[in-house]
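Beneath this line is the structure, given in structure tokens, with notes to follow.
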Amino acid sequence: MSKRIPYISIFLVLAAVCSVLFTGCSNSLQSQSASRTELVMNTVATITLYGEQAQEGVNAAFQKAKDLENILSSQNEKSELYQVNQTAYDHAVEVSDTLFTVTQRSLQYCRETDGALDCTIGKINDLWGFGTSNARLPSEEEITPLLVYKGYEQIELNEENQTIRFLNPNIQLDFGATAKGFAADEIKKMLVEEYGITCGLINLGGNIITIGSKYDGQPWGIGITDPNDTTKAISTEYITNATAVTSGNYERYFIQDGVRYHHILDPKTGYPANSGLCSTTIITENSMLADALSTATYVMGLEKSYAYIESLDHVEAIFITDDGTVVKTSGITDDTFEVVS
Amino acid sequence: MTKKVKYIIAGAVVIAVTAALIAVWILITQEKVSNAVANIYQNGTLIRSIDLEAVEESYTFQIEGENGAYNTVLVEPGYISITDASCPDKVCISQGKISDGVLPITCLPNGIVIQIETQNSTSSTLDGMTR
């Protein structure tokens, strides 16, 4: 008996010391954190990172976002995309790797969603001016001539020469539904590969992508905005190393003569989509895919979207209908989602 | 039980209790540093910081921008909001009051961001919100 007592003593000491060490560890990762909020890519971005290179990572992440904005913005007159939109009708324009990749993948999402997403309605988006000081209700006479059936099929890409050519004068590229997702993926890749970041959260205007789990090993708690009170969450999902992207009709809109006009346009009509949904959230691994699908499924409406998302692997969705009902796809069974790749 | 064993046990208990107290102290002090400071940015530049926990009486002030642009900010104990603005969409007003760092108030047309910085967060709070 007496010989066992020292072992018990050793166990007691080890247990107690470990408790201090573990508390100190999570504290230490938490203390090596950096966070910043800025307006970039025509939205508000918050990037929070943990680890030794957190501050350098945050700086590099915002620089990356600004670099991508200078390529992909459809509103900035100095951007590469803006220049392409002015010159690519009936003329093949050579573009950067980034612009070619984003165009190629965005057009692929347009085809896969059968035009529920159409990134060639740039001229119609410009008429509405959502999110700018020029937001207004355009007339039907302005919209109708710009409606191009499956405009995404009116773009010619030449992979060998890396050129883009528009086959119709009424189309312009607008990556409002894919650029932030692409940026989130690129920033995450850079932070993991070049800065060794294993713990962080990138929030580009509500497009969220997480790196690993939280500093305390728990999954990240991501709130889905309540469309009726945008300061509150209607549902919380817990994700690890995944992305969550929402398209909602409460984010960018204006009210004219008592009618609310939101920014998610139905490419077939040129007017705000009226599909019976207030918001759709996509949870998956790739943020560009999530970005594209959140817009496309909003336009499709609940029934069609539910079936479509269920047909995809490792993609889940949360739909909020106009009457406030929350509908989740079958992969979200216990409010927890983890990407299995 | 020999005297030596008794000393070992007594020593172990003292170390264990001390370590446990240190762990508890770390956790308690973590919670105590938590506060809420609202940082107001205009076109990316920090123009004002307000400790919302130190606010005793509500007040408003105006942020002036280019070409007559303005946003009226209401500061209340623990909360901050935009109550009036020159922007056409008024989304910043409809975002309502905020009291934590989960979601900033944004006025894109006027380039205004109000973000609450908290010194600490716990696993039970939201880490972000999609919208």
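Listing for the model above:
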{"read-out": "Cross-chain or 6+ apart pairs with Cβ under 9 Å, the stretch A:41-63 first and more than 23 Å from B:THR106 (Cβ to Cβ) and open to solvent by 30 Å² or more (accessible area, probe 1.4 Å), then in a loop (DSSP other than H, G, I, E, B) and hydrophobic (A, V, I, L, M, F, W, C)", "value": "A:GLN53/A:ILE197"}
{"read-out": "Residue within the stretch A:212-230 that is of a type outside the set (D, E, K, R), more than 19 Å from A:ILE47 (Cβ to Cβ) and touching a Cys at 6+ places or on another chain (Cβ under 6 Å) present", "value": "yes"}
{"read-out": "Some residue of the stretch B:92-103 being out of contact with any Leu (no Cβ under 7 Å at 6 or more places or on another chain), crowded, with 23+ Cβ neighbours inside 10 Å, more than 7 Å from chain A (Cβ to nearest Cβ) and modelled with pLDDT of 85 or more", "value": "yes"}
{"read-out": "Index of the failed condition, A:ILE211 passing every other in (1) more than 7 Å from every other protein chain (Cβ to nearest Cβ); (2) without any contact (Cβ under 8 Å) to a residue 24 or more places away in the chain", "value": "(2)"}
{"read-out": "Failed item, numbered, when B:GLU53 is tested on (1) open to solvent by 30 Å² or more (accessible area, probe 1.4 Å); (2) part of a strand (DSSP E or B)", "value": "(2)"}
{"read-out": "Looking only at the stretch A:220-254, and only at residues there that are in a loop (DSSP other than H, G, I, E, B) and open to solvent by 10 Å² or more (accessible area, probe 1.4 Å), the one that is modelled with the lowest pLDDT", "value": "A:GLU251"}
{"read-out": "From A:SER74, A:SER106, residue being surrounded by 18 or more Cβ atoms within 10 Å (Cβ to Cβ), under 24 Å from A:PHE254 (Cβ atoms), more than 14 Å from chain B (Cβ to nearest Cβ) and touching a Phe, Trp or Tyr at 6+ places or on another chain (Cβ under 8 Å)", "value": "A:SER74"}
{"read-out": "Residues located in the stretch A:255-299, provided they are assigned to a helix (DSSP H, G or I), over 17 Å from A:LEU173 (Cα atoms), of a type in the set (Ser, Thr, Tyr) and more than 9 Å from every other protein chain (Cβ to nearest Cβ)", "value": "A:SER287, A:THR297, A:TYR298"}
{"read-out": "Residues satisfying the stated conditions in the stretch A:46-75, i.e. touching a helix residue (DSSP H, G or I) at 6+ places or on another chain (Cβ under 6 Å) and under 24 Å from A:THR103 (Cα atoms)", "value": "A:ALA61, A:LYS64, A:ALA65, A:LEU68, A:ILE71, A:LEU72, A:SER74"}
{"read-out": "Number of positions in the stretch A:203-219 that are open to solvent by less than 10 Å² (accessible area, probe 1.4 Å) and not in a loop (DSSP other than H, G, I, E, B)", "value": "6"}
{"read-out": "Residue in the stretch A:117-135 that is farthest from A:ALA290 (Cα to Cα), counting only those that are more than 14 Å from chain B (Cβ to nearest Cβ) and among the aliphatic types (A, V, I, L, M)", "value": "A:LEU127"}
{"read-out": "For A:GLU69: the one exception among (1) open to solvent by less than 20 Å² (accessible area, probe 1.4 Å); (2) within 30 Å of A:LEU147 (Cβ to Cβ)", "value": "(1)"}
{"read-out": "Residue in the stretch A:98-109 that is over 23 Å from the mean Cα position of the chain (by Cα) and not assigned by TED's automatic domain parsing to the domain that holds A:ILE47 present", "value": "no"}
{"read-out": "Condition met for B:ILE80 (within 19 Å of the chain's Cα centre (by Cα), closer than 22 Å to A:GLY206 by Cβ and more than 10 Å from chain A (Cβ to nearest Cβ))", "value": "yes"}
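The values are calculated or read from the model by the stated rules, or taken from the named source; none is laboratory data. Computed from a prediction, not measured in an experiment: that's the story for all the values here. Ideal geometry is used to build each Cβ from the backbone, glycine not excepted, and the neighbour counts take in all protein chains shown. To get the accessible areas, we keep the full protein, side chains included, count just its heavy atoms, and leave off ligands, DNA and RNA. Shrake-Rupley method; radii C 1.70, N 1.55, O 1.52, S 1.80 Å.
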